[in-house]
Amino acid sequence: MQEHYEELAAEYDEHCVYGPDYVPWMASRIAEALRLGPTDRIADIGCGRGLFAREVVPLRHPILDVDPSEAMLSQLGAPPPVGLTPIVASAEDVAEGRAQLLYEQLDAMWLKESVHHVADPAHTLHGLADRLVPGGRLRVVMLPATIQYPLFEAALARFEELQPDPAGIERHLRAAGDRSQLCRT
């Protein structure tokens, strides 16, 4: 997976096409669902190029843009936009406390279409929830287990093979605490 995103980073926009209103709309839905405030300490886990975090700034504290792909994070720019702090780490690194974050605990975090890269969702989501302050919020945004995209048959089959069941993710989030939520896109 790491190699895939390292090679894909420079041309990622050519493969991911969103309508002009989608990114601001989704970012506002995430911010609304997480009840983000100007003093919150936030992480976008599996952020890729930080498209959604860019829409949430400005805040008093920088948003942590966490992704295991340095090449994807480099697409933020050098220097990165004000209000965004790139951190090369996986969701598992954050959950296990191996990632060097700016904050001891977070008020909110989200995983936008990245939970399918997590090897052990139950363990990782519980660990991420443990990084939250009391009353902190965790949001997982994911596609359904099957999609009706205009892709060739093998690509659709591969997607279904790798995409976790949203009901399973929801159970893991519930077990991690009532501060966690699932949003199906």
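Where a number appears in this text, it was derived from the coordinates with a stated rule and is not lab data. These numbers come from a predicted model, not from an experiment. Backbone-built Cβ (ideal geometry, glycine too); neighbour counts: all protein chains shown.
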(message) Taking amide H atoms as placed 1.01 Å from N in the peptide plane, list the residues 5 or more away in sequence, or in a different chain, whose amide H sits under 5 Å from that of G46.
(response) V66, D67
(request) Set the Förster radius R0 to 25 Å, insert the Cβ-Cβ distance between A122 and A157 as r into 1/(1 + (r/R0)^6), and round the FRET efficiency to 0.05. (result) 0.50
(request) Sort out for me the Cα centre separation of the stretch 74-110 from the stretch 112-177, rounded to whole Å. (result) 19 Å
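At a 10 angstrom cut-off on C-beta neighbours, averaged per residue, how do the peptides 20-32, 48-60 rank from highest to lowest? List each step's numbers first, then the result.
On the way: 20-32: 14.4, 48-60: 19.5.
Top of the packing list down: 48-60, 20-32.
Given charges of +1 on the Cβ of Lys and Arg and -1 on the Cβ of Asp and Glu, with all other atoms neutral, how large is the dipole of the stretch 2-184 about its Cα centre, in debye to the nearest 20?
Values: 16 positive and 28 negative charges, 179 e Å.
Dipole size: approximately 860 debye.
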(message) So if each residue of separation counts as 0.36 nm, and I subtract the Cα-Cα distance between A78 and R29, what length gain in nm does that give?
(response) 14.8 nm
(request) Pairs of Cα atoms under 8 Å, at least six residues apart: use those to get the relative contact order of the chain, whole percent. (result) 19 percent
(request) Between R174 and V133, take the C-beta separation as r, use R0 = 25 Å, and let me know the FRET efficiency to the nearest 0.05. (result) 0.80
(message) Which of L143, L156, L106 ends up with the largest GNM mean-square fluctuation for the chain, with Cα atoms connected below 10 Å?
(response) L156
(request) Just need log10 I(q)/I(0) for the chain at q = 0.11, 0.13, 0.17 Å⁻¹, Debye formula, equal scatterers on the alpha-carbon atoms, no solvent, rounded to two decimals. (result) -0.45, -0.64, -1.16
(request) Multiply the residue gap between Q100 and D21 by 0.36 nm, knock off their C-alpha separation, and tell me the result in nm, one decimal place. (result) 25.1 nm
